[in-house]
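**Q** Sharing a structure below in structure tokens format, with a few things to ask.
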There are 2 protein chains.
Amino acid sequence: MPLDAKTLCLGALEAGFDTGYDIRKAFEDGPFQHFQSLSYGSIYPALNALLVEGLATCDVRNGDGRRDKKIYAITDSGRAALKAALMEPLAADQLRSDTMFAMAFVHLMTRDQVKRILDEYARANRRLGEELGRLLRDRMCEHPGHQFLLRLGEDGSEMWARCIEALRDDLVAALDDTREAPEAAPTGGAAAMTARDAPETREPGSGSRPGPDPHHPRDPR
Amino acid sequence: MPLDAKTLCLGALEAGFDTGYDIRKAFEDGPFQHFQSLSYGSIYPALNALLVEGLATCDVRNGDGRRDKKIYAITDSGRAALKAALMEPLAADQLRSDTMFAMAFVHLMTRDQVKRILDEYARANRRLGEELGRLLRDRMCEHPGHQFLLRLGEDGSEMWARCIEALRDDLVAALDDTREAPEAAPTGGAAAMTARDAPETREPGSGSRPGPDPHHPRDPR
DNA sequence: CTAACCATGTAAGTAGTTACATGATTCT
DNA sequence: AGAATCATGTAACTACTTACATGGTTAG
């Protein structure tokens, strides 16, 4: 079973996000953005439930004039509950990618449309990677867990973008072939194969392909 | 807006899955498994809606003795509707990874638990990659779109697994450091406390991360 | 002989999201 | 002046999932 809103909020509190507003930001632009999502409508009720169950406490700060601010904090039993939730088997990842689904129907699109979609998609992934990287470096992250999270987000996004770009050209080429030369083309051939091989052949070093190469000049300091 | 159940079914029909049962398999074990999910409760109503709207037709096969089988087929206007859906801006990918979220709280876990979770996670991803690869090769896929989908799924999963493995060892090492060298903690609450401390103690000099080679020996093979 | 597979469907439940209501403050 | 940010909360809605109901067929 996937982690529910309460557990997610507990985690956010443990991570140092201490108001409803702040928690939402953690899931919107913060360290969790790539891996979970949660909106106000889930957060505030969850927070109240945590209070009732004694898993969190709340300290109301009078914000002179502006709306009162509720500072939440996780309790020991809250931390125990979080721990317990992490102990039991974690649900498998769930991905939903309309773009990838759409790619199953390239035959209904123009070459240019396919190219545009894929370019945009790769760019979006790269942007995400950069944002996570910035997050990692800007507020220099003490926390090994957070570092891990952000690095993986960064590396994963970057690599996914490279994958897309690597196979994009093959796809577009194949499209041209099947459309312009519906019969003859043996195709797929060279370009496709080289890209294809990379992942499984444990080639020594030659392949410049989409291989995992998270070697960004990560701040060797 | 994400693609709805109707559009997803339309796509499955276009891809050649022609019964409700078959469509579910396409999302469960088939080419879409990695990118979308859909269950009976959505599929059958969607299929009926498509019939009503003239986007699909249905041919009832009498399965002597066994339950009748309904063979669906996409119509021209169905194909047009699918095409139209793919034309308008596609929703961004949405990932939900409880495992990655959990990694933000490694300080609440034992070293071995972290290792176990990560190993299992990497293995699961690798399995998925292999399954998609098998799918790609077994029923040799004519279709450029399907090929693209399966290849990306395969490569992506494999690479993600590698990423995990590459950063896993660093994480575990960092964990050992911060835990084993807590400045002379009196330790009232045993292991839990020492683990707890890590995040806020802004460790002064040392830095758990030795500068050189922050990650992945990167496949020195 | 039992488990898994084939095959369709529905009703009830779930867990969320969206949009709204409210309002001060700070940036452009 | 207007937009964005800070800040909390709720009610209505939505779109799906789960579990059930049904039952023949095939493989171990």
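**Q** At a probe of 1.4 Å, how much accessible area disappears from chains B and A on forming the pair, both sides counted, to the nearest 100 Å²?
**A** It comes to approximately 7300 Å² buried between B and A.
**Q** A further question follows. Assuming 0.36 nm per residue, please report the length gained on full extension of the stretch B:Asp176 to B:Asn62 beyond their Cα-Cα distance.
**A** Extra length available between B:Asp176 and B:Asn62 comes to 34.5 nm.
**Q** From the label point of A:Gln94, set 7 Å from Cα along Cα→Cβ, how far away are the matching label points in the other copies, in nm, ordered shortest to longest?
**A** Output for A:Gln94: 0.9 nm, nearest copy listed first.
**Q** Using the Cα gyration tensor of the range B:62-109, with a ≥ b ≥ c the square roots of its eigenvalues, what is the shape: rounded (a/c below 1.5), prolate (a/b larger than b/c) or oblate (neither)?
**A** Since a/c reaches 1.5 but b/c is at least a/b, the shape of the range B:62-109 is classed as oblate.
**Q** Right, here's the next one. Tell me the distances, shortest first, between B:Ser37 and the same position across the other copies, using label points 7 Å along Cα→Cβ, in nm to one decimal.
**A** 1.5
**Q** Another question, then. What's the FRET efficiency of A:Ile71 with B:Asp119 using the Cβ-Cβ distance as r and R₀ = 41 Å, to the nearest 0.05?
**A** Plugging the Cβ-Cβ distance into 1/(1 + (r/R0)^6) gives 0.60.
**Q** Can you compute the charge dipole magnitude of the range B:40-179 about its Cα centre, using +1 on each Lys and Arg Cβ and -1 on each Asp and Glu Cβ, nothing else charged? Give it in debye, rounded to the nearest 20.
**A** Here the range B:40-179 has a charge dipole of around 440 debye.
**Q** On to the next question. Using a 1.4 Å probe, how large is the accessible area of A:Ser37, given in Å² and rounded to the nearest 10?
**A** Surface open to solvent at A:Ser37 totals about 70 Å².
**Q** Which distance in Å, rounded to a whole number, links the C-alpha centroids of the range A:66-93 and the range B:56-75?
**A** First find each Cα centre; the distance between them is then 50 Å.
**Q** Under the rule a/c < 1.5 gives rounded, and otherwise a/b versus b/c splits prolate from oblate, where does the range A:5-87 land using the Cα gyration tensor?
**A** In terms of gyration-tensor shape, oblate.
**Q** Moving on. Along Cα→Cβ at 7 Å, what distances in nm separate the B:Asp176 label point from those on the other copies, shortest first?
**A** 5.3
**Q** Now for a different question. Could you name the lysines whose alpha carbon sits less than 26 Å from that of B:Lys25, not counting residues in the same chain fewer than 8 places away?
**A** By straight Cα distance, B:Lys25 reaches B:Lys6, B:Lys69, B:Lys70, B:Lys83.
**Q** Keeping all protein chains in position, work out how much accessible area A:Lys25 exposes to a 1.4 Å probe, and write it in Å² to the nearest 10.
**A** Counting only protein heavy atoms, the figure is 90 Å².
**Q** Can you tell me the dipole magnitude for the range B:5-87 around its Cα centre, using point charges on the Cβ only (Lys, Arg +1; Asp, Glu -1), in Debye to the nearest 20?
**A** 100 debye
**Q** Further question on the same structure: What figure in square angstrom, to the nearest 10, would you give for the accessible area of A:Arg123 with a 1.4 Å probe?
**A** 140 Å²
The values are calculated or read from the model by the stated rules, or taken from the named source; none is laboratory data. Computed from a prediction, not measured in an experiment: that's the story for all the values here. So basically every Cβ, Gly included, is an ideal-geometry build from the backbone, and we count neighbours across all protein chains shown. Just so you know, the surface numbers come from the protein's heavy atoms only, side chains and all, with ligands and any DNA or RNA stripped out. Shrake-Rupley method; radii C 1.70, N 1.55, O 1.52, S 1.80 Å.
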